[in-house]
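Please read the structure below before turning to the comments.
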Amino acid sequence: MTNESAIPSPDLAVRTVALDAPWSWLAAGWRDLWRIPAVSLIYGALFTGIAYVLTACLLVFDLTVLLLPLAAGFMLLGPMLAVGLYEASRRLERRTRSRSAMSCSSRPARRRSLPSLAFFWC
């Protein structure tokens, strides 16, 4: 008796990533930061401000037991909330100019793929 789920599918391809690849990703992010600093800094300030306000509210209402779930929620929502940064980076890479750098709008194919992010979080 064989376990069919253990047999690799020919349709799936496993891509390898070099150990130093994250350094190139960080360098690309750093370049994007300096090319459009306002967008990056506004996003950073906005999320930092939200975190401080929510933490202060939990402390005021003596709900400090919820601090760890709040941090976990930020980690789960972070990629979805940063869609605007991803779009700004994509536009920089394609050398297209946008009307609003903070815009989260993108082509319809991208919009259809956003709900699929939620699938991986369930």
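Laboratory data are not the source of any read-out in this text; all were calculated from the coordinates shown. No experiment lies behind these values; they were computed from the predicted model shown. Because the Cβ atoms are built from the backbone with ideal geometry, glycine has one as well, and the counts that use them run over all protein chains shown.
Once the chain from THR55 to GLU93 is taken as fully extended at 0.36 nm per residue, the excess over their C-alpha distance is 10.1 nm.
Is the shape of the stretch 7-81 best called rounded, prolate or oblate, per the rule: a/c under 1.5 gives rounded, else a/b larger than b/c gives prolate, else oblate, with a ≥ b ≥ c the square roots of the Cα gyration tensor eigenvalues? The partial results should precede the final answer.
Numbers: a/c = 3.42, a/b = 1.49, b/c = 2.30.
Oblate, because a/c is 1.5 or more while a/b does not exceed b/c.
Between TYR86 and ALA18, the simple spin-label model (points 7 angstrom out along Cα→Cβ) gives 2.5 nm.
Taken one residue at a time, the phi angles of the stretch 27-40 give Karplus couplings (6.51, -1.76, 1.60, θ = phi - 60°) of 5, 5, x, 5, 5, 5, 4, 7, 7, 9, x, 4, 4, 5 Hz. Gly and Pro are set to x. Computing FRET efficiency as 1/(1 + (r/R0)^6) for ILE42 and MET75, where r is the C-beta to C-beta distance and R0 is 22 Å, gives about 0.60.
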